[in-house]
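Peer 1: Below are the structure tokens for one structure; questions will follow.
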Amino acid sequence: MQSLSKRLPALLRAQGLQKRSLSTTSALFGAKLDASKVTVSTIESRKDYPSPEKLAFGKTFSDHMLLAEWTEKDGWKAPQIVPYGPLSLDPSASVFHYAFECFEGMKAFKTEDGSVRLFRPDMNGKRLNKSSARLALPTFDVEEFTKLIQKFVSLEKEVIPHRKGYSLYLRPTMIGTNAELGVKHPSKALLYVIASPVGPYYAGGFKAVRLQASTEAVRAWPGGVGDKKLGGNYAPTILPQIEAAKQGYDQVLWLFGPENYVTEAGTMNAFFVFKKDGKKELVTAPLDGTILEGVTRDSILALARERLNPDEWIVSERLYTMDEVAERAAKGEVVEAFGAGTAAIVSPIKEIGYKGKDIAIPLQADKGAGELTETVAKWISDIQYGVEKHPWSVEV
């Protein structure tokens with residue numbers, strides 16, 4: 001079997017051809033998504049919310065939601081902000097039968113002066129468009145999407161806890177709603193956004209996790225949809241995660257191919273820091289079509305290239321195997337490792353189970369995280385909460 005490293009150039013070319021040739025139903029004539037047409041219907045009074053300390057991630061939802069319907073015939077209808085409540089869908093809706101569903105995860109933050117900010121919302125809009133297009137669902141103008149998010153968050157901003165580490169988690173979702181059976185592109189769709197006030201993903205701050213490197217179950221593969229944020233990518237990962245938990249691990253480190261290339265850590269992008277010959281290398285897997293194009297991933301890479309001393313650091317997007325990690329750990333060349341994503345920002349990795357053995361990853365004893373892990377977490381957090389003025393931070 002040809003190794004992935006030898007097949008990768010051809011696979012990347014195929015991925016590019018797929019992107020260029022992909023046509024979506026939104027290319028047809030019809031009204032465009034228009035934030036200026038949004039109508040707002042509010043509740044009479046806010047419900048009672050748990051105290052910030054009791055907020056569990058994704059369990060409490062704000063009082064309103066944003067809806068925008070699309071039809072193949074007419075395009076986008078006027079968006080609506082309405083009281084939060086159940087959706088009415090036909091049992092034959094294509095989302096239920098053929099998994100026409102994709103989503104995003106993003107956050108709004110309340111700064112020290114009380115203003116509210118979004119973190120790189122354009123990136124989320126672009127990625128949602130990419131996911132939608134791959135499913136033949138409609139796309140939209142990213143600027144209009146951002147304006148709608150801003151209007152929605154402006155209405156819900158009072159439910160954002162005013163303290164560091166807390167935020168309003170936003171879940172934009174696109175689903176196929178046409179009521180008919182048959183494997184075909186959806187003729188109707190719904191874009192909706194719900195919001196959940198949340199605290200830190202790990203209540204105690206950094207929580208270093210144990211991962212089980214999977215040599216059997218595979219999360220994604222070249223030519224597939226691992227680089228899209230589709231609901232169908234997540235459900236099949238739960239059973240391997242349950243099995244890993246039974247063995248005392250927090251999550252699965254997803255590998256691919258006979259070479260056991262490292263891809264992602266649970267639902268996060270994986271980063272390792274290696275050292276050799278007086279230099280350190282921050283490494284993560286390349287965007288080869290199997291890796292989700294994480295907003296936090298992109299931000300970490302950009303900031304690391306801008307802020308780390310190039311005489312001491314190399315920042316790499318390259319293929320690397322679990323065997324390389326194991327061999328370098330045995331030589332003392334693994335400095336630290338972490339996962340990165342919207343929910344937790346960064347999550348230190350302390351141990352990886354691989355081929356019956358546990359590989360220990362160094363941590364700072366007093367921090368529970370590696371030095372760079374702590375540094376990049378602060379970089380991102382300072383921008384999100386307005387401590388550092390940065391163009392990625394968009395005021396609502």
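Peer 1: Ordering Phe103, Phe57, Phe152 by how much accessible area each has at a 1.4 Å probe, largest first, what is the list?
Peer 2: The ranking, largest first, comes out as Phe57, Phe103, Phe152.
Peer 1: Can you give the FRET efficiency for Asp122 and Ala78, using 1/(1 + (r/R0)^6), R0 = 22 Å, r = Cβ-Cβ distance, to the nearest 0.05?
Peer 2: It comes to 0.45.
Peer 1: Please report the projected area of the range 202-294's Cα convex hull averaged over all directions, in nm².
Peer 2: Convex hull of Cα atoms, orientation-averaged projection: 7.7 nm².
Peer 1: Go ahead and estimate [θ] at 222 nm for the chain from helices alone: -39,500 (n - 2.57) per DSSP H run with n ≥ 4, summed, over the residue count, rounded to 500.
Peer 2: Dividing the helical sum by the residues of the chain leaves -7500 deg cm²/dmol.
Peer 1: With the full set of protein chains in place, find how many percent of the accessible area of the chain is carbon and sulfur; take the probe as 1.4 Å. Intermediate values should be presented prior to the final figure.
Peer 2: Working: 9440 of 18210 Å².
Exposed carbon and sulfur together represent 52 percent of the surface.
Peer 1: Relative contact order for the range 143-276 using alpha-carbon pairs under 8 Å, separation at least 6, rounded to a whole percent? Each step should come with its number before you reach the end.
Peer 2: Working: 140 pairs, mean separation 22.7, N = 134.
Rounded, it is 17 percent for the range 143-276.
Peer 1: Something else: Let me cross-check Leu372: its accessible surface, 1.4 Å probe, with only protein heavy atoms counted, in Å² to the nearest 10?
Peer 2: It works out to around 10 Å².
Peer 1: Do any GluC sites (Glu not before Pro) in the range 347-395 lie in a DSSP loop with no more than 14 other beta carbon atoms within 10 Å, and if so, which?
Peer 2: For GluC sites (Glu not before Pro) across the range 347-395 that sit outside H, G, I, E and B with at most 14 neighbouring Cβ atoms in 10 Å, the list reads Glu388.
Peer 1: Where the centroid of each part is defined by its Cα atoms, how far is the range 152-212 from the range 62-117 in Å?
Peer 2: 9 Å
Peer 1: First obtain the Kirkwood hydrodynamic radius of the range 282-396 from its Cα pairs, then insert it into the Stokes-Einstein equation at 20 °C and 1.002 mPa s, and state the resulting D in µm² per second as a whole number.
Peer 2: Stokes-Einstein gives a translational diffusion coefficient of 138 µm²/s.
Peer 1: Note the full-extension length gain between Lys355 and Ser316 as 0.36 nm times their separation in residues minus their Cα-Cα distance, in nm to one decimal. Display every interim value, and only then the final one.
Peer 2: Values: separation 39, 0.36 × 39 = 14.04 nm, distance 2.61 nm.
Length gained, Lys355 through Ser316: 11.4 nm.
Peer 1: Could you tell me the distance between the Cα centroids of the range 298-369 and the range 222-297, to the nearest Å?
Peer 2: Result: 12 Å between the Cα centres.
Peer 1: Within the range 146-182, name every residue whose backbone N is under 13 Å away from a label modeled 7 Å from Cα of Ser92 along the Cβ vector.
Peer 2: 178-182, by backbone N distance to the label point.
Peer 1: Run the numbers for Glu44 and Phe57: contour at 0.36 nm per residue of separation, minus the present Cα-Cα distance, in nm.
Peer 2: Length gained between Glu44 and Phe57: 2.1 nm.
Peer 1: Report the relative contact order of the chain, percent, no decimals, based on alpha-carbon pairs under 8 angstrom and at least 6 residues apart.
Peer 2: 18 percent
Peer 1: Viscosity 0.890 mPa s, temperature 25 °C: Stokes-Einstein D of the range 133-268 from its Kirkwood Cα radius, in µm² per second?
Peer 2: Result for D is 134 µm²/s.
Peer 1: Moving on. What's the local net charge at Glu317, with K and R +1, D and E -1, over the other residues with C-beta under 13 Å away?
Peer 2: -1
Peer 1: Restricting to DSSP loop positions (anything but H, G, I, E, B) with no more than 10 other Cβ atoms inside 10 Å of their own Cβ, which chymotrypsin sites (Phe, Trp or Tyr not before Pro) remain in the range 345-385?
Peer 2: Filter output for the range 345-385: empty list.
Peer 1: Looking at the range 189-297, which GluC sites (Glu not before Pro) are in a loop (DSSP not H, G, I, E or B) and have at most 14 other Cβ atoms within 10 Å?
Peer 2: Listed in order of number, the matching sites are Glu216.
Peer 1: Here's something else I'd like to know. Along the range 355-369, what does the Karplus equation 6.51 cos²θ - 1.76 cosθ + 1.60 (θ = phi - 60°) give for ³J(HN,Hα), rounded to whole Hz, x for Gly and Pro?
Peer 2: For the range 355-369, the Karplus-derived couplings read 6, x, 10, 9, 9, 7, 10, x, 9, 6, 4, 7, 10, x, 7 Hz, x marking Gly and Pro.
Peer 1: Excluding Leu372 itself, calculate the net charge of residues whose Cβ lies under 12 Å from the Cβ of Leu372, where each Lys or Arg counts +1 and each Asp or Glu counts -1.
Peer 2: 0
Peer 1: Continuing with the same structure: Quick one: which residues, 5+ away or cross-chain, put their amide H under 5 Å from the amide H of Cys102? H built at 1.01 Å from N.
Peer 2: Met174, Gly231
Peer 1: Can you give the relative contact order of the range 317-396 as a percent, counting alpha carbon pairs under 8 Å and 6+ residues apart?
Peer 2: Over the range 317-396, the number comes to 22 percent.
Peer 1: Give me the number: length gained by fully extending Ala330 to Glu243, i.e. 0.36 nm times residue separation minus the C-alpha to C-alpha distance, one decimal in nm.
Peer 2: Difference between extended and current length: 28.6 nm.
Peer 1: Over the Cα atoms of the chain, compute the convex hull volume and normalise it per residue, giving Å³.
Peer 2: 159 Å³
Peer 1: Still on this structure: Kindly report the accessible area of the range 294-396 per residue (heavy atoms of protein chains, probe 1.4 Å, no ligands, DNA or RNA), in Å².
Peer 2: Dividing the accessible area of the range 294-396 by its residue count gives 44 Å².
The values are calculated or read from the model by the stated rules, or taken from the named source; none is laboratory data. Everything numeric here is computed off the predicted structure, so don't read it as measured data. Cβ atoms come from the backbone with ideal geometry, glycine included; neighbour counts cover every protein chain shown. All accessible areas refer to the heavy atoms of the entire protein, side chains included, with ligands and DNA or RNA removed. Shrake-Rupley method; radii C 1.70, N 1.55, O 1.52, S 1.80 Å.
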